[in-house]
Structures are given as C-alpha cells and as structure tokens.
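Below is one structure, written out as structure tokens; the observations come after it.
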Amino acid sequence: MSSQDALTPAMRGLLERMARAAHPPLHALGPEGAKAAYEKTAGVLDVSKPPLARVHDLHIPARNGHALPARLYAATPAQPGAVGLPVLLYLHGGGFTVGSLQTHDTLCRVLAAQSGVAVVSLDYRLAPAHRFPTAVHDAWDALAWLAREGHTLGLDGARLAVGGDSAGGTLAAVSAIHARDAGLPLALQLLIYPGTTAHQDTASHQRFRHGPVLDETLITWFFGQYIDTIDRTDWRFAPLLHDDVEGVAPAWVGLAECDPLVDEGLAYADKLRAAGVAVDLELYRGVVHGFIAFGRVITEARTAHQHAAAALARAFGLPAPANGRG
C-alpha cells in the first residue's frame with residue numbers, strides 16, 4: 001500500500017489542492033525565506049480563533065538574560081486573591097528553524113478554551129542563528145520560571161504541564177526529563193507527533209521519505225540548520241536515547257499515521273510505558289504530519305483538539321470539555 005492509499009479522502013483532497021498551489025518547498029527558500037513563508041501560510045486551514053478572556057504578550061528571561069517573547073492565553077479573567085490557574089507551557093513546531101507565537105496562536109487558543117487550563121506559548125530562539133542546545137535551554141528556563149513566577153500572572157506554578165508539536169514535542173519531552181531531574185512535578189507532557197530519534201532510520205521515515213508535507217529532504221535541511229551531526233545522539237535532541245525515563249510526567253501522545261515521525265512517537269510511548277509512566281496514546285488514521293492545524297478541513301484535527309484538551313483538564317482534575325474524551 002502506498003502512502004497515498006492510507007490517506008482519508010478529505011486528507012487526500014486537501015493535499016491535492018496544496019500541490020496545485022505549487023508553493024516552493026521551505027528548504028529552497030533559505031532560513032529567512034522559510035520563516036516568512038511559514039508565517040504567511042500558517043493558520044489558513046485552522047479552525048476559527050475562539051474568544052478568550054485573557055490573551056496578552058509577555059517576556060520570560062532566559063539564562064543569559066535574553067528576554068524570550070511569550071503569550072498567555074486563559075479562558076477566565078484574572079481574579080485577585082483567587083487560586084491561580086494551572087498552566088501548560090506550549091512549544092511550537094517548525095523543525096527548530098521556523099514557527100512563532102503567531103503560527104500556533106489558534107491551537108493555543110483552542111487548548112485554553114476547551115480545557116480551562118491557561119496556556120503560555122514560548123517564542124524560543126530558532127536556528128540557524130541559535131543552534132542546539134539553545135532551544136532546549138530556552139524551553140527549560142521558561143518552565144522553571146513559570147514554576148517560580150507564575151503567580152505574578154495569576155497562574156499556579158505548582159500545577160504545571162509542558163507540551164508541543166513536532167520539534168516542540170521534542171523540546172517538551174526533554175523538558176519533562178529535566179523537570180524530573182530537578183524535582184519539579186509536572187501533571188502532564190502533551191506530545192503531538194514529537195521527534196525522538198537521532199537519525200531518520202525508522203521504517204516510517206523510509207515509508208514516507210517523499211512526504212506528503214514532511215519529507216526526508218525537508219527534515220534533513222531543518223536538522224542541518226539546528227544541530228551538528230556529532231551531537232545528534234545527545235538525548236536532548238533524541239530523548240528516545242535517554243537511558244532512564246522512570247518518574248517523568250504522565251504523557252498524552254497524539255500521532256499521525258501517515259507521518260515520517262510516527263514510528264519514533266510510538267517507540268517513545270512504549271519506552272515511557274516500559275518505565276512505568278502512564279501514557280494515553282492516540283493514533284489518528286489517514287492524516288499527515290501537521291494535521292492538527294488543518295481543522296477547517298480535517299475532522300481528525302478537531303478531534304485531536306478535543307482529546308488533547310480533555311487530557312489537560314483530566315491531568316489537573318478539571319471538568320472534562322463537553323466534546324472531549326473524559
């Protein structure tokens with residue numbers, strides 16, 4: 001069976017329309033051109049932005065004093081004297097090279113609206129200007145800062161989760177290990193088609209080497225911007241290589257069936273389970289990498305929103321979303 005045969009009719013139709021648009025591949029545009037192109041197209045296929053009581057920008061200090069842009073989303077207004085909201089630190093995808101607060105604005109709004117959990121989206125520094133392990137440091141610095149200073153934003157720094165998609169899922173998994181090692185309890189790690197291996201050597205990388213959407217050429221280009229070959233076996237790039245994940249936060253893992261990264265996502269879920277970590281795994285059939293941003297067209301994206309929001313609510317003991325899985 002070819003990669004195209006496994007696609008849902010809606011997914012196949014969308015990919016055909018994308019192919020007819022004939023946009024140049026990101027790797028052909030150079031780093032700055034790729035960033036601009038990704039910004040321009042992100043959100044076009046997303047669901048409508050839900051209204052929220054609070055959306056505001058802030059800065060979080062990194063270890064070298066750099067001020068990292070971030071954005072807070074909450075479905076309820078700040079109430080002086082009230083218990084702070086639990087919070088998810090969200091780390092966007094984009095191969096460590098593209099992506100921003102704006103490209104993942106809708107997803108963060110949806111998660112906040114449907115879960116009742118506050119979301120803080122982080123604009124960690126990107127390659128090639130900032131290569132490995134800068135993004136790893138930025139993600140951990142932001143999570144540790146929220147634990148210490150979240151109360152200044154009306155958040156409960158003792159009720160934390162971390163999450164992300166693709167490269168952001170890698171950073172979230174790594175941050176969860178850092179949190180375990182630092183004695184910082186997390187309620188959940190929310191991993192959406194995360195990268196976890198050192199090299200593109202799984203069966204799914206071979207099966208989907210020509211895409212659709214994410215192909216071997218683009219993955220190789222992204223990683224070339226971000227990391228030296230000698231560092232690719234560092235667990236902070238490839239958390240599947242960490243020799244001990246016992247005691248890390250429970251995980252919700254959402255994967256796309258027709259994705260080069262699906263096998264490494266399954267392998268990481270298996271590794272966590274073997275270490276005694278509770279894992280809720282969802283495999284969305286017939287869809288591709290990045291599908292969670294196609295909610296205007298792809299039903300599975302809207303279902304994944306509901307599942308992820310329900311997992312967040314459940315992790316913090318909040319009422320389950322009306323349309324989510326309780």
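Rule-based calculations on the coordinates, nothing more; no lab input. None of these values were measured; they are calculated from a predicted model. Cβ atoms come from the backbone with ideal geometry, glycine included; neighbour counts cover every protein chain shown.
Explain nothing, just compute: Karplus ³J(HN,Hα) = 6.51 cos²θ - 1.76 cosθ + 1.60, θ = phi - 60°, for every residue of segment 300-317 in order, whole Hz, x for Gly and Pro.
For segment 300-317, the Karplus curve yields 4, 5, 5, 5, 5, 4, 5, 5, 5, 5, 5, 4, 5, 4, 5, 4, 9, x Hz.
I need the peptides 200-206, 84-90 ranked by packing, meaning the mean over residues of other C-beta atoms within 10 angstrom, with the highest value on top.
Answer by packing, highest mean first, reads 84-90, 200-206.
Compute the acute angle (0 to 90°) between the alpha-carbon long axis of helix 134-149 and the principal axis of greatest extent of the alpha-carbon atoms of the chain; round to the nearest 10°.
Between the helix axis and the principal axis of the chain, the angle is about 20 degrees.
Cross-link candidates for K49: which lysines have Cα within less than 21 Å, leaving aside residues fewer than 8 places away along the same chain?
K40
So, by mean Cβ neighbours within 10 angstrom, what's the order for 46-55, 68-77 with the highest one leading?
Ranking, from highest mean packing down: 68-77, 46-55.
³J(HN,Hα) across segment 48-53 via Karplus (A = 6.51, B = -1.76, C = 1.60, θ = phi - 60°), whole Hz, x for Gly/Pro?
My calculation for segment 48-53 gives 5, 6, x, x, 9, 5 Hz in order.
So what are the ³J(HN,Hα) numbers for segment 182-189, from phi and the Karplus equation (6.51, -1.76, 1.60; θ = phi - 60°), rounded to whole Hz, Gly and Pro as x?
Here the 3J(HN,Hα) series is 8, x, 9, x, 10, 7, 6, 10 Hz.
Near the amide H of V279, under 5 Å away, which other amide H atoms are found, from residues 5 or more places off or on another chain, if H is placed in the peptide plane?
A251
Going by alpha carbons, how many degrees (0 to 90, nearest 10) lie between the helix axis of 105-115 and the longest principal axis of the chain?
So the helix axis and the longest Cα principal axis differ by about 50 degrees.
Pick from A173, A127, A308: which residue has the top mean-square fluctuation in a GNM of the chain where Cα pairs under 10 Å get a spring?
Comparing A173, A127, A308 in a Gaussian network model of the chain, the most mobile one is A127.
Helix-derived [θ] at 222 nm for the chain: sum -39500 (n - 2.57) over DSSP H runs of at least 4, divide by residue count, nearest 500?
After summing the helix terms and dividing by residue count, I get -11000 deg cm²/dmol.
Only Cα pairs within less than 10 Å get springs; with that Gaussian network setup on the chain, which residue of T229, T196, T134 has the largest fluctuation?
T229
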